[in-house]
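A short write-up of the structure that comes next.
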Amino acid sequence: MKISSGFIVRHIADSCIVIPVGEETINFKGMITLNGSGEFLWKQLLEDRTEEELAAAIQEEYNIDTITAIEDVKQFVAKLSEAGFLQ
Amino acid sequence: MNYATIAGLQVEYSFLNRSFFDQRLSSYTSTHLKEPDLRIKTVALDHIDPPEGELIAQVKLATLVRTKEQKVARSVLDRASGKIGAVVYSAPEYSEVEIHLLKNRQHPVFTLTDYEYMYSGFAFNDRITELGGTVLHGSAVAIYNQGIVFSANSGVGKSTQASLWKQCFGEELTIINDDKPAIKFHEGKPFLYGTPWSGKTDLNTNMCVPLTAIIFIKRSASNFIERLKPKDAIFHLSSQIERPYYDSKLGIKTLDIISRLIEEVPIYRLYCNISYQAVQAVYHEIFRRENV
């Protein structure tokens, strides 16, 4: 899975925001904000990734245990999927 | 050809409904002084052929094609008839726009002139965005040589708040634009401009003032104003500054403007009803004076 094209990440003021541009403005109204780990996972998903690969990446980046990494990734992916960000 | 200066842009135009646009643009007309920033032309046709060229994208009822002249043609189907209702040919950077409209298009609300008004407004929006400015959905007023924009979704009460201010301040206050004022930066500071595209009303003034505040309105039983955190200000600005579906690069440019506005302009949320207390809440906050 990976992020659909048409969403961009910008740092404005102290916020990391994801916002649709182009065709995606028709499907998705609004924007989301990402915290540090969210931004990290988002960038990982700019390439095709499995949940296992994401969990391994976040575990290495943030030095967290496997169970926490897997759970965090599951929740993040579920939210992105529900919002229509993933292809 | 006719000429106008709108928000500092030199516009050369040729519209179908001359009497309508002569009246709407009467305070913006200018003489041909230099190379126009934007050329707009509208043509009415009994039948519109699909533009020829390389398909860029199909987005719902709209088709984007790159023509052999390297223009982008955006054709939109008329839902009722299935025919092409409009094609907009845009030169690179939206410096020249030719709008083809179906002559006898049947619509329960919009006339041919309404379509001409809307598409010419889009053309202006695109060009000013390309040049680093923007258009904000809001009702803009000027007082004491300072500009305030009341912004919100349609029907929430932007024009009502502007109208309350007019009732309070009379000749001291000018309505700059009641729907889509333009914003441009000059020497790092934002300025608010009137344009002839002012929505349902003809309330607009050809003027420019420093932009002092942007106020997002929310209906409430009581009146109070609060400064928005950047994250919330970004959300509201991105909701009221159009990002066109047909050009992601233009959409990205609007984010540059939003970023600059967040840095330079105080942005508020006003909880308000229809009363002079709503005016007072804003007046006290912006101008630090007690009495309206």
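The values are calculated or read from the model by the stated rules, or taken from the named source; none is laboratory data. Since this is a predicted model, take the numbers as computed values, not measurements. Don't worry about glycine lacking a Cβ; one is built from the backbone with ideal geometry, like all the others, and counts go over all protein chains shown. SASA here: full protein model, heavy atoms, side chains in, ligands and nucleic acids out. Shrake-Rupley method; radii C 1.70, N 1.55, O 1.52, S 1.80 Å.
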Write out, first by first residue and then by second, each pair whose Cβ atoms fall under 8 Å of each other, whose residues are 6+ apart or on separate chains, and whose first residue, in segment B:241-265, is more than 8 Å from chain A (Cβ to nearest Cβ) while the second is open to solvent by 60 Å² or more (accessible area, probe 1.4 Å) and not β-branched (V, I, T). B:T254/B:E242; B:E264/B:K189
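With B:K218, B:K200 as the choices, which residue is under 22 Å from B:N153 (Cα atoms), in a loop (DSSP other than H, G, I, E, B) and more than 14 Å from chain A (Cβ to nearest Cβ)? Can you show your working first?
Numbers: B:K218 fails: in a loop (DSSP other than H, G, I, E, B).
Just a single option satisfies the conditions, and that option is B:K200.
Name the residues in segment B:5-26 that are among the small types (G, A, S), assigned to a loop (DSSP other than H, G, I, E, B) and surrounded by 14 or more Cβ atoms within 10 Å (Cβ to Cβ), would you?
B:A7, B:G8
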If B:Q240 meets every condition in (1) out of contact with any His (no Cβ under 9 Å at 6 or more places or on another chain); (2) within 30 Å of B:T29 (Cβ to Cβ); (3) surrounded by 15 or more Cβ atoms within 10 Å (Cβ to Cβ) apart from one, which number is that one? (1)
Restricted to segment A:52-76, and to residues that are in contact with a helix residue (DSSP H, G or I) (Cβ under 6 Å, 6 or more places away or on another chain) and closer than 21 Å to A:S5 by Cβ, which residue is surrounded by the fewest Cβ atoms within 10 Å (Cβ to Cβ)? A:F76
Single unsatisfied condition, B:G188 versus (1) under 21 Å from B:A233 (Cβ atoms); (2) of a type outside the set (V, I, T); (3) in contact with a Leu (Cβ under 7 Å, 6 or more places away or on another chain): (3)
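For the condition more than 24 Å from B:L228 (Cβ to Cβ), over 17 Å from the mean Cα position of the chain (by Cα) and buried (at least 21 other Cβ atoms within 10 Å of the Cβ), what is the one hit in B:H100, B:H107? Give the steps one after another, and end with the answer.
Values: B:H107 fails: buried (at least 21 other Cβ atoms within 10 Å of the Cβ).
After applying the criteria, what remains is B:H100.
Would it be correct to say that B:Y283 is crowded, with 20+ Cβ neighbours inside 10 Å, within 14 Å of chain A (Cβ to nearest Cβ) and of a type in the set (F, W, Y)?
no
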Is segment B:266-274 home to any residue that is within 14 Å of chain A (Cβ to nearest Cβ) and either closer than 23 Å to A:G22 by Cβ or at pLDDT 95 or above (or both)? yes
From B:K60, B:K71, grab the single residue that is of a type in the set (D, E, K, R) and either crowded, with 17+ Cβ neighbours inside 10 Å or touching a residue at least 24 places away in the same chain (Cβ under 8 Å) (or both). B:K71
A:V21: without any contact (Cβ under 8 Å) to a residue 60 or more places away in the chain, of a type in the set (A, V, I, L, M), under 28 Å from B:K249 (Cβ atoms) and surrounded by 14 or more Cβ atoms within 10 Å (Cβ to Cβ), yes or no? yes
Candidates B:K166, B:K200, filtered to the one that is basic (K, R), in contact (Cβ under 8 Å) with a residue 24 or more places away in the chain and more than 30 Å from A:L34 (Cα to Cα): B:K166
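Within segment A:22-81, which residues are closer than 30 Å to B:L64 by Cα, part of a helix (DSSP H, G or I) and within 14 Å of chain B (Cβ to nearest Cβ)? Quick ask: steps written out before the conclusion?
Filtering segment A:22-81 down to residues closer than 30 Å to B:L64 by Cα leaves A:22-32, A:42-43, A:45-48, A:80-81.
Those still in the list that are part of a helix (DSSP H, G or I) too: A:24-27, A:42-43, A:80-81.
Within segment A:22-81, A:E24, A:T25, A:I26, A:N27 meet the criteria.
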